[in-house]
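Undergrad: Take a look at this one; I'll ask things after.
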Amino acid sequence: MAPGKGSILSGNSQMRVVSHHPLHRALMVSAFAVICAMGMLGGYWYGTIESELDGTYVESLETLNRANAARLKELNGALVEAGLTREVDRQAAEELRESIRSMRNEVAGLQEEVTFYKSLMAPSTVAKGLQIAEFDLTATATENQFVYHILLTQVESRRDWIQGDVRLEVHGRTGTPDSEQVLPFTELAATDPYPLTFRFRYFQDLSGVVTLPAGFQPTRVVVSAMRRGSSTADVTRTFDWTASG
């Protein structure tokens, strides 16, 4: 039996002798190490590619998000601008309408003044004598309290100083339509003396404050003017109770 290979018998046991090859073992270990290294490199390479793909995807999402945010900001700006434009247009239109109303009121007032002064300067065109030209009311901050104005004029070809008295009565009701009452001026205003007195050549304005009793609903005012020292009849006009303010 050759010395390098064979069997040795010892009693009932049998041993097998295997040849030792160090080079073969080294090659196997080296091959395993190479395979492991390649696997690690492959995993790293795959992870790198995957990471780059994820980074590109995230970057594209961020770019899209920035674009959407910019677009949203642009649309919001346009919406605000459109709202401001509508508001400016609305305010401009309202101011224009208010200017037109003011101008119409001014024209109407001027026409009234022209008519009034024509009556003073050209009395032949209107009724002659003492006239109750106007009566108006303005509400105050106090409930049921009003400021009144009476305009008296004289229409004559030759105007002299005239004087006289003015009396007022307020007609209204306290609840039902058939409960009409007439309140004399002395019950509504703290005016002393009364009747109201006037003295003028062309025109005169009388004014004061009246306070209505609670629950009284005024409907009209009767104004009477009497010229002293004249045989002419009293001048009386009835005005609807219309208070401004």
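Undergrad: Of the options Ala243, Thr197, Gly208, report the single residue whose Cα projects farthest towards the positive end of the charge dipole of segment 132-245 (beta-carbon charges: Lys, Arg +1; Asp, Glu -1).
TA: Of the candidates, Thr197 comes out farthest on the positive side.
Undergrad: Next up: Given 0.36 nm per residue, what is the gain on full extension from Tyr194 to His171 after removing their alpha carbon distance, in nm?
TA: Taking Tyr194 through His171 to full extension adds about 6.4 nm, to one decimal.
Undergrad: Modelled label-to-label distance, Arg101 and Tyr202, 7 Å Cα→beta-carbon offset: nm?
TA: Using points 7 Å along Cα→Cβ, the separation is 3.3 nm.
Undergrad: Separate question: Can you list residues whose amide H is under 5 Å from Leu196's amide H, if they're 5+ apart or on another chain and H is modeled 1.01 Å from N?
TA: Amide H neighbours of Leu196, under 5 Å, 5+ apart: Val166.
Undergrad: Using Cα pairs closer than 8 Å and at least 6 residues apart in sequence, work out the relative contact order for segment 127-244, in percent.
TA: The normalised contact order for segment 127-244 reaches 33 percent.
Undergrad: Sticking with this structure for a sec: What list of ³J(HN,Hα) couplings, whole Hz, do you get for segment 203-211 from phi and the Karplus terms 6.51, -1.76, 1.60, once you set θ to phi - 60° and write x for glycine and proline?
TA: 7, 8, 10, 10, 8, x, 10, 10, 10
Undergrad: With θ set to phi - 60° and the Karplus curve 6.51 cos²θ - 1.76 cosθ + 1.60, what are the ³J(HN,Hα) couplings of segment 168-173 in order, to the nearest whole Hz, using x for Gly and Pro?
TA: Per residue, the Karplus-derived 3J(HN,Hα) values read 10, 9, 10, 9, x, 9 Hz.
Undergrad: Can you list the residues of segment 171-198 with backbone N under 12 Å from a point 7 Å past the Cα of Arg220, pointing along Cα to Cβ?
TA: 171-172
Undergrad: Further question: Show the residues, 5+ positions off or on another chain, whose built amide H is closer than 5 Å to the amide H of Ala133.
TA: Sorted by chain and number, the residues that satisfy this are Leu151, Leu152, Thr153.
Undergrad: Can you give the extra length, in nm with one decimal, that the chain gains between Asp234 and Ala69 once fully stretched, where that is 0.36 nm per residue apart less the Cα-Cα distance?
TA: Going from the current span to full extension adds 51.0 nm.
Where a number appears in this text, it was derived from the coordinates with a stated rule and is not lab data. Keep in mind that this is a model prediction, so the values were computed, not measured. Virtual Cβ from ideal backbone geometry, glycine too; neighbours counted across all protein chains shown.
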